[in-house]
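Structure, as structure tokens:
No lab work stands behind these numbers, since they all come straight from the coordinates. Because the structure is a prediction, the values reported are computed rather than measured. Virtual Cβ from ideal backbone geometry, glycine too; neighbours counted across all protein chains shown.
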Amino acid sequence: MERLFSTAQVHPRDRFDYWHSVACKNLIAHDAMPECRPSFEAELHAGALADLGLVLFETSPMRVSHTRDHCARMQNDEVFVCRLTSGQLVLEQAGREVDMKAGDMTLLDPLLPYEGKFSGGVKLLVLKAPRRSMEARVGRITDMLTRTMKPAEAEHGLASAFLAMLPDYAGQLGTAAIETVKNQTLDLVAISLAKTQERPRPYLSSAKASALLNVRAAIEARLTDPGLDAETVAAAAGVSVRYANALLAQEGTSIVRLIQSRRLACCHRALQDPLQAHRNVSEVASAWGFSDMTHFGRRFKTAYGLLPSELRRLSKQN
């Protein structure tokens with residue numbers, strides 16, 4: 001994580017205004033009012049994990065407001081997963097309010113207005129995730145916004161602990177590791193978000209999001225099985241093949257196509273990984289469930305524009 005700003009380097013009269021400009025540029029456009037300008041202190045670090053942005057900042061007490069005008073000027077379609085490390089933070093969006101303590105997480109949508117009240121000693125990690133990547137895992141996020149995810153519950157605790165480690169490793173991981181950790185991060189957050197939607201009688205949208213997450217989890221858990229088929233996935237997810245395919249059709253795919261695309265992605269990553277350079281192409285393909293090498297090579301070239309052997313050769317040259 002790179003330190004982009006610290007008030008220790010700025011004259012007290014300019015600290016808040018300088019902080020506000022840096023935060024608007026690197027996090028999100030907003031209005032803000034500090035509790036005390038002369039004593040205001042803040043620090044901001046930023047990093048990335050593939051296409052996930054990481055922003056970690058500490059700040060003195062203040063109030064912030066992300067207005068409709070700010071929303072209209074948003075250029076990136078991202079969602080924010082907020083994890084509080086210390087202090088107390090109250091956030092309000094979509095008619096709901098969360099009062100966050102250390103370890104708590106919540107989800108914000110930058111395309112909607114929100115307000116926040118920061119106590120003293122707040123340290124906050126913001127994970128900026130592409131909306132498409134998140135909604136591919138959980139469906140529409142509208143009903144998941146500003147829900148408190150407390151670490152006392154196992155799903156939330158695991159995701160919170162995982163997010164807390166990311167700033168220490170951002171910028172230090174190899175290419176293959178980055179992609180793996182990125183997907184693990186999104187998957188853990190998705191599981192935590194799905195947990196917030198559990199109700200005795202769930203809304204239809206929540207039920208669909210949960211079923212979709214179960215289908216994807218069933219596929220990921222069995223990718224190495226060469227006999228994996230639609231019936232096995234649907235049974236493991238507790239839904240019918242028809243229902244699972246109907247859910248996936250909204251994302252332009254199906255069980256069979258998703259199995260294939262995930263297997264190809266895993267092979268693509270393995271063939272680029274220098275730590276797996278000792279494995280030949282057929283060994284990699286077989287490990288991820290492909291039994292017909294001709295079929296594998298044809299599908300791989302369709303997906304990535306070159307044969308597996310060509311990718312392996314280029315990767316070794318780099």
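Which value, in Å³ per residue, describes the convex hull spanned by the Cα atoms of segment 204-317?
Here the figure is 105 Å³ per residue.
Semi-axes of the equivalent ellipsoid of segment 1-93: what are they in whole Å, largest first, if each equals the square root of 5 times a C-alpha gyration tensor eigenvalue?
21, 17, 14
Which chymotrypsin sites (Phe, Trp or Tyr not before Pro) does segment 202-298 hold that lie in a coil by DSSP with at most 14 other beta carbons within 10 Å?
Qualifying residues, ordered by number: 203.
Over segment 89-180, what is the relative contact order in whole percent, taking alpha-carbon pairs under 8 Å and six or more residues apart?
Relative contact order comes out at 34 percent.
Which entries in the list 117/195; 117/208; 117/182; 150/182 go over 28 Å, if you measure between the two C-alpha atoms of each?
Checking Cα-Cα distances, 117/208; 117/182 exceed 28 Å.
Starting at the first residue of segment 64-76, write each ³J(HN,Hα) from the Karplus equation 6.51 cos²θ - 1.76 cosθ + 1.60 with θ = phi - 60°, in whole Hz, x for Gly and Pro.
Per-residue couplings from phi come out as 10, 9, 9, 8, 4, 4, 5, 4, 5, 9, 5, 9, 9 Hz.
As a footprinting exposure proxy, order 316, 150 by other Cβ within 10 Å, with the fewest listed first.
Listing 316, 150 from fewest to most nearby Cβ atoms yields 316, 150.
Sort out the exposed loop GluC sites (Glu not before Pro) in the chain (DSSP loop, at most 15 other Cβ within 10 Å) and tell me the longest stretch that has none.
36-152
Of the listed values (i) -0.55, -1.21, -1.31; (ii) -0.39, -1.18, -1.36; (iii) -0.46, -1.19, -1.32, identify the label whose number matches log10 I(q)/I(0) by the Debye sum over Cα atoms at q = 0.09, 0.15, 0.16 Å⁻¹ calculated from this model.
Label (i) holds the value from this structure.
Treat the count of other C-beta atoms within 10 Å as a stand-in for reagent exposure and order 313, 15 from fewest to most.
313, 15
In nm, give the distance between the simple-model label positions of residue 37 and residue 221, each being 7 Å from the Cα along the Cα-to-Cβ direction.
Placing both labels 7 Å along Cα→Cβ, they lie 5.8 nm apart.
Mean separation of Cα pairs under 8 Å and 6+ residues apart, divided by the residue count of the chain: what relative contact order is that in percent?
Averaging sequence separation for qualifying contacts and normalising by length gives 13 percent for the chain.
Given points 7 Å out from each Cα along the Cα-Cβ axis, report the residue 314 to residue 67 separation in nanometres with one decimal.
So the two model labels end up 4.8 nm from each other.
By how many nm would the segment from residue 195 to residue 131 lengthen if fully extended, with 0.36 nm per residue of separation less the alpha-carbon distance?
Length gained between residue 195 and residue 131: 21.2 nm.
Grab the DSSP H runs of the chain that are 4 residues or longer, score each as -39,500 (n - 2.57), total them, divide by all residues and round the 222 nm result to the nearest 500 deg cm²/dmol.
-14000 deg cm²/dmol
For residue 77 paired with residue 14, estimate the spin-label separation in nm (one decimal), with each label point 7 Å from Cα along the Cα-to-Cβ line.
Using points 7 Å along Cα→Cβ, the separation is 4.0 nm.
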